[in-house]
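The values are calculated or read from the model by the stated rules, or taken from the named source; none is laboratory data. Remember, it's a predicted structure, so these values are computed and weren't measured experimentally. Every residue, glycine among them, receives a Cβ derived from its backbone with ideal geometry; neighbour counts consider all protein chains shown. Only protein heavy atoms, including side chains, enter the accessible area calculation; ligands, DNA and RNA are left aside. Shrake-Rupley method; radii C 1.70, N 1.55, O 1.52, S 1.80 Å.
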Amino acid sequence: MYKLELDLHLYFDPPMEDRGGGIVVTRTIELPFAPSPGLMVYGQDLDECPEPGGWPLKDLTWDIDREVFLATTSLSSHGMPMAMIPDVLQGWLARGWRLGSYMETYPEPDDDAEEAPDPAAADEEDLEDEMDRWPSLPPSKRPKAFNRLMRTLVRAMSERYNNLAVAYAMDQTKRYFDEHQLKQDTSRAAERWRQATRAFEELPPEQQSAWQEHVENHYPRLDRLVKEHEGW
């Protein structure tokens with residue numbers, strides 16, 4: 001059996017709209033199979049409706065830690081007198097639902113709690129800022145391990161036929177510029193990058209294939225780099 005924690009969003013119009021957050025009732029259901037998105041769930045102990053209309057499961061999630069499926073569904077009531085809402089909710093509770101959500105199981109972060117500054121976190125942010133600059137720098141101003149990573153990525157992209165013009169430009173210029181940088185950077189290095197991407201598109205297919213064969217035979221393999229990487 002598979003355990004499913006289901007949140008049912010109830011909408012009462014008026015005064016509510018049937019979108020956004022509803023009045024949530026929740027309960028745990030056991031299924032003899034793994035649920036899938038859109039599955040209609042029905043049972044006489046779930047709903048007062050005598051016919052198996054059911055509700056489609058949405059936002060289906062498998063919680064690995066708790067070994068339980070999570071899902072939401074909704075039901076709208078239109079034209080009901082507001083005075084009846086408490087009675088209707090009592091009816092849901094009588095069938096085994098409870099007011100609330102499965103999200104109550106998960107602790108919310110304390111946004112008001114003041115945490116002491118973490119020097120290690122600050123150092124990590126500085127390192128990330130430095131890493132952001134590495135791709136567009138010349139190889140002599142970057143760690144040797146990063147230069148090896150660049151060659152490895154060129155090979156990986158070539159093997160997967162992923163953005164080959166960019167991989168070629170990375171190989172020819174030993175740098176990388178993203179689109180935002182290229183719109184602002186008028187340096188000679190950025191222009192060489194632009195020319196390299198265009199040059200690959202103009203190469204005959206046999207020369208493109210020859211370049212791919214070269215990098216795939218001579219550049220580092222991704223699996224080996226990941227295995228050997230010891231951090232920056």
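Kindly provide the set of residues from the stretch 112-138 that are at pLDDT 65 or above and either among the aromatic types (Phe, Trp, Tyr) or open to solvent by less than 50 Å² (accessible area, probe 1.4 Å) (or both), ordered by number.
Trp134, Pro135, Ser136, Pro138
Between a residue in the stretch 23-52 that is under 22 Å from Gly100 (Cα atoms) and without any contact (Cβ under 8 Å) to a residue 24 or more places away in the chain and any residue that is of a type in the set (Phe, Trp, Tyr) and assigned to a strand (DSSP E or B), which pairs come within a Cβ distance under 8 Å, given they are 6 or more apart or on different chains?
Listed pairs, sorted by first residue: Met40/Trp55; Tyr42/Trp55.
Give all pairs with beta carbons closer than 6 Å in which a residue from the stretch 8-21 that is more than 17 Å from Ala83 (Cα to Cα) meets a residue that is modelled with pLDDT of 85 or more; count only pairs at least 6 apart in sequence or on separate chains.
Within 6 Å, the pairs are Leu8/Val25; Leu8/Thr73; His9/Gly22; His9/Val24; His9/Ser74; Asp18/Tyr11; Asp18/Ser76.
When the residues of the stretch 184-197 are filtered to those that are charged (D, E, K, R) and surrounded by 10 or more Cβ atoms within 10 Å (Cβ to Cβ), which remaining residue is farthest from Ser158 (Cα to Cα)?
Result: Asp185.
Would you please name the residue that is least open to solvent (accessible area, probe 1.4 Å), looking only at residues in the stretch 198-213 that are farther than 13 Å from Glu159 by Cα and not aliphatic (A, V, I, L, M)?
Step by step, filter the stretch 198-213, then rank; the result is Phe200.
Does Glu216 meet the test of being closer than 22 Å to Pro139 by Cβ and open to solvent by 30 Å² or more (accessible area, probe 1.4 Å)?
yes
Which numbered condition trips up Trp232, out of (1) aromatic (Phe, Trp, Tyr); (2) open to solvent by 50 Å² or more (accessible area, probe 1.4 Å); (3) modelled with pLDDT of 90 or more?
Against the list (1) aromatic (Phe, Trp, Tyr); (2) open to solvent by 50 Å² or more (accessible area, probe 1.4 Å); (3) modelled with pLDDT of 90 or more, Trp232 comes up short only on (3).
Could you tell me which residue of the stretch 181-195 is modelled with the highest pLDDT, considering only residues that are within 11 Å of Ser136 (Cα to Cα) and not small (Gly, Ala, Ser)?
The qualifying residue modelled with the highest pLDDT is Trp193.
Filtering the stretch 56-90 down to residues that are among the small types (Gly, Ala, Ser) and closer than 17 Å to Thr28 by Cα, which residue is nearest to the chain's Cα centre (by Cα)?
Residue satisfying both the conditions and the ranking: Ala71.
Has the stretch 156-174 got any residue that is among the charged types (D, E, K, R), surrounded by 11 or more Cβ atoms within 10 Å (Cβ to Cβ), at pLDDT 95 or above and assigned to a loop (DSSP other than H, G, I, E, B)?
yes
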